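Since the structure comes first, as C-alpha cells, the remarks are kept for the end.
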Amino acid sequence: MDAELAVVGHERVVPGHPAVLGARELLGNVLAALGRHEEAVHQLDRVAEGRIRLLGPAHPWTVSAQEFLREYRTP
C-alpha cells in the first residue's frame with residue numbers, strides 16, 4: 001500500500017514525530033474502513049504507544065488513538 005510506504009519513509013526521516021503518528025492514525029482509520037481491522041489495530045497500536053511516550057496518557061490525541069484502538073479491536 002502506497003500510504004503505508006509513505007508513513008514508513010517519513011518515520012525514517014523523523015522517527016516518533018507527532019505528524020508521523022498522525023499519518024499512521026489516518027492510515028489505521030482507512031484500513032479499518034476497508035475492513036482490514038487487524039492491520040488497522042497494528043497501526044493504531046503504534047500510534048497509541050508513540051503518543052503515550054511523547055504526549056502522556058491523558059493527552060487528548062493519546063486518548064483518541066486509544067479509543068479508535070478499542071473500537072477496531074471489537075469485531
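The values are calculated or read from the model by the stated rules, or taken from the named source; none is laboratory data. Since we're looking at a predicted model, the values are computed, not measured. These accessible areas exclude ligands, DNA and RNA; they are computed on the full protein's heavy atoms, side chains included. Shrake-Rupley method; radii C 1.70, N 1.55, O 1.52, S 1.80 Å.
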What does the accessible area of Leu26 come to, in Å² to the nearest 10, when a probe of 1.4 Å is used?
110 Å²
Under 5 Å, built H, 5+ apart or other chain: amide partners of Arg36
none
In order over region 30-46: 3J(HN,Hα) from phi, Karplus 6.51/-1.76/1.60, θ = phi - 60°, whole Hz, x for each Gly or Pro, gives 5, 4, 5, 5, 7, x, 9, 5, 4, 5, 4, 4, 4, 5, 6, 4, 5
